[in-house]
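The next block holds one structure in the form of structure tokens; read it before the comments.
What follows is calculated from the coordinates using simple rules that are stated; it is not laboratory data. Here the structure is a predicted model, which is why all the values come from computation and not from measurement. Cβ: placed from backbone, ideal geometry, glycine included. Neighbour counts: every protein chain shown.
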Amino acid sequence: MANPREGELQYPLGDALPAPGTSLDVAPGVRWLRMRLPFALDHINLWLLRDELDGRAGWSIVDCGVADDATKAAWEQVFATQLDGLPVLRVICTHMHPDHIGLAHWLTERWQCRLWISATDWNAARIASRSTTGLGGDSAARFFASHGLVDPDSIDKVRRRSNYYGSLVPEVPTAFHRLMDGQLVRIGAEDAKLDWRCIAGYGHAPEHMALYCEKIGVLISGDMVLPRISTNVSVIDIEPEGDPLTLYLDSLQRYRALPAGTLVLPSHGKPFRGLPQRLAQLADHHAARFAEVLAACAEAPQCAADLLPLLFKRQLDLHQTTFAMGEAIAHLHALWQGGRLRRRRGDDGVWRFRAG
Ligand SMILES: [Zn+2]
């Protein structure tokens, strides 16, 4: 959802954006790339970190873009013009979503280098890439129906939407280097090594890794903290009783310890300062949604589909509706698991939640 208080944030680079295939310097040894995405969210930011590994000078890449020809062509242009003639030494993925890991296999093959990622997300990506029903199919259709999405046309489209993940992530590297919470990853040219600390985050992806470098005051936030939109946090059919929103909000606490002046490099939008303000905005945003859901559920039992007009005050297409359903269920589940709502399954098979 769009951030109405974006004006509280500062964009130190102004309106500058790197054109496809080019880069902008955003911090010492850190270059910003922007790749096109074939979604409503039409771009992703990727980062090049000047590096040296096993005695070889080169670059580490953070996140990859989706596996399509346009993104590969943009990468080829980057290789030819933005790497100062040096190789790629490793590919770091913040998490397993297709826009982040899509080309990891192609990049690691192309440069004969290793993928660095959390074990949880590597496994999840391997499974999702091979699944024939990633984010669709009968199971997803039944799950949405059990939360009140009963329109036959929508349910049919969800059922037929198969291989969504695999089409964007056709292959995942068969080996990886494991990133864990708190781990320090040393990245930098020989005379300028920097420690980047992994910060695990939950609720958006299975085990998202942000990277924080204290010395230069930079946080690569991935999708955990974005300036313009709130991070998608959804309950999905493979974990039907999940409470990802509580996990997400708890994970955000970890960023509160970082200095107020930290330069945040998000996966979508522009590099910004104002991390404490953004964290407060996100807490307020979800608190307001919780209050709306609680008030509605105090009046009458509500299913997730009932809440869509309340939580999303605009027309939604099918893709947006499935995201919105996942988010509505996430708000309901946080309140349910937190003991503020009770749920009951109706004779129609739909879960409804009421206060108490
Ligand atoms: Zn993501």
Checklist entry - Roughly how compact is the range 152-297, stated as its Cα Rg over 2.2 N^0.38 Å to two decimals? => result 1.24
Next on the checklist: Of the candidates R110, R273, R130, which one comes out as most mobile in a Gaussian network treatment of the chain with C-alpha springs shorter than 10 Å?
Outcome noted: R110
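In the neighborhood of E171, defined by Cβ-to-Cβ distances under 10 Å, what is the net charge if each Lys or Arg adds +1 and each Asp or Glu adds -1?
After counting each charged neighbour, the total is +1.
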Checklist entry - If one computes the Cα centroid of the range 306-356 and of the range 150-184, what distance in Å separates the two points? => result 23 Å
Checklist entry - If the viscosity is 0.692 mPa s and the temperature 37 °C, what translational diffusion coefficient in µm²/s does Stokes-Einstein give for the range 230-299 when Rh comes from Kirkwood over Cα pairs? => result 234 µm²/s
Checklist entry - Using only Cα atoms, what is the ratio of the radius of gyration of the range 65-203 to 2.2 N^0.38 Å? => result 1.28
Item to check | Per residue Cα convex hull volume in Å³ - calculated over the range 92-164 | outcome: 99 Å³
Checklist entry - Can you give the relative contact order of the chain as a percent, counting alpha carbon pairs under 8 Å and 6+ residues apart? => result 15 percent
Next on the checklist: If the elastic network links every pair of Cα atoms under 10 Å, which of A27, A257, A192 fluctuates the most in the Gaussian network model of the chain?
Outcome noted: A257
Checklist entry - Check I92: other-chain or 5+ apart residues with amide H under 5 Å from its amide H, H built from backbone geometry? => result I61, V62, D63, W116
Checklist outcome for this item: Of the DSSP H helices in the chain, the ones reaching 15 Å or more along their long axis in Cα terms and averaging at least -0.5 in Kyte-Doolittle hydropathy are 69-81, 275-299, 318-337
Checklist entry - In a shell of Cβ-Cβ distance under 12 Å around L211, excluding L211 itself, what net charge do Lys and Arg (+1) and Asp and Glu (-1) give? => result -2
Checklist entry - In the neighborhood of Y255, defined by Cβ-to-Cβ distances under 15 Å, what is the net charge if each Lys or Arg adds +1 and each Asp or Glu adds -1? => result +1
Next on the checklist: Of the candidates H285, H100, H331, which one comes out as most mobile in a Gaussian network treatment of the chain with C-alpha springs shorter than 10 Å?
Outcome noted: H285
Next on the checklist: Please list 3J(HN,Hα) in residue order for the range 179-192, calculated via the Karplus relation 6.51 cos²θ - 1.76 cosθ + 1.60 where θ = phi - 60°; whole Hz, with x for glycine and proline.
Outcome noted: 9, 10, 4, x, 5, 9, 9, 8, 10, x, 4, 3, 8, 9
Item to check | Contact order normalised by residue count of the range 158-299, Cα under 8 Å, 6+ apart, percent | outcome: 17 percent
Checklist entry - Hey, what's the Kirkwood Rh for the range 13-91 if you take every pair of different alpha carbons, in angstrom? => result 13.0 Å
Item to check | Theoretical ellipticity at 222 nm over the chain - DSSP helices of four or more residues, -39500 (n - 2.57) apiece, nearest 500 | outcome: -10500 deg cm²/dmol
Checklist entry - When the gyration tensor of the chain is built from Cα positions, what are the square roots of 5 times its three eigenvalues, in whole Å, from largest to smallest? => result 36, 23, 17
